[in-house]
Amino acid sequence: MLSVLALTSVVLLGIVSQTTAIVVYTSWEKHALVGTDVRLSCSFFSWQWTSPDVTFSWQYRADGAKEGISIFHFAGGAPYQDSKGPFRDRLEFVGNPSRRDGSILIKNVDFGDNGTFTCDAKNPPDIAGHPSSVRLLVFEKVPVQAGVITGAIIGVVLGLLILIVAIYYLMRFLVARRVFSLSMSKHGKKGKGKEGSQQKQKPKVPLVFISF
């Protein structure tokens, strides 16, 4: 009896923990060039269906600052953004709450935008969870490391494509060569057979020796 009660308690605790847990996801780091627009993605996992009361909140903490400031909030089906902060008139909500997407777009980024952006999401009754943060790094030009990585990826992809094409044409060549060899072998056997039959059918002329 006690074991049954213990098992039931564990199952109930598991169900309760599942129905109140939410996991928020963002990128770890985002790079952008001065004067461009950058999308900061935010999504979440929840055991519940997406609630009409889903909320998203974004905070920003500049590099070197001790505290962050609230820059965006989505609740009740409507977005609300700070009209006095550093991102006024430069922030746009580009997410889709029904698809658990709370992404924002920062326009015309500058070096002063370097910092950490933190996203928090709630999907009632799933409200227990931890926010997720992404660090924005603004550059005047593409950093060498990022350029090297991008070039390496492109090089690997192109190399694989070239290898696949080379293997494809090599296989075609080998198949064509094999077919040609088989065809020549068959024709050769037929030719030899005809020659043999002609030699067999050729009459023998008797040799006559005349003596004087």
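The values are calculated or read from the model by the stated rules, or taken from the named source; none is laboratory data. Please read all numbers here as calculations on a predicted model, not as lab measurements. As a convention, Cβ positions derive from the backbone with ideal geometry for all residues, glycine included, and neighbour counts pool all protein chains shown. The accessibility values were calculated without ligands, DNA or RNA, using every heavy atom of the protein model including side chains. Shrake-Rupley method; radii C 1.70, N 1.55, O 1.52, S 1.80 Å.
Give the long-range amide H neighbours of Trp47: residues separated by 5 or more places, or on another chain, with amide H under 5 Å away, using H modelled in the peptide plane at 1.01 Å from N.
Under 5 Å from the amide H of Trp47 lie the amide H atoms of Ala21, each far enough along the sequence or on another chain.
Please compute the per residue accessible area over region 30-183 with all protein chains in place, 1.4 Å probe, rounded to a whole number of Å².
64
Test of understanding: express the Cα radius of gyration of region 48-106 as a ratio to 2.2 N^0.38 Å, with N the residue count.
Normalised by 2.2 N^0.38 Å, the Cα Rg of region 48-106 equals 1.21.
With every protein chain kept in the model, how would you rank Ile22, Ile153 by accessible area, 1.4 Å probe, largest at the top? Could the numbers behind the result be given before it?
Values: Ile22 10, Ile153 100 Å².
Highest to lowest solvent-accessible surface, that is Ile153, Ile22.
Ordered by residue, what ³J(HN,Hα) values in Hz, to whole numbers, does region 160-175 give under the Karplus form 6.51 cos²θ - 1.76 cosθ + 1.60, where θ = phi - 60° and Gly and Pro are x?
5, 4, 4, 4, 4, 5, 5, 5, 4, 5, 5, 5, 4, 5, 5, 5
Please give every one of the aspartates and glutamates within straight-line cross-link reach of Lys122, meaning a C-alpha to C-alpha distance under 13 Å, and leave out same-chain neighbours fewer than 8 residues apart.
Asp53, Asp101
Applying a 10 Å radius around every beta-carbon, put 162-170, 75-83, 128-136 in order of their mean neighbour count, most first.
128-136, 75-83, 162-170
Quick one: Cα centre-to-centre distance for region 31-60 and region 94-145, in angstrom?
6
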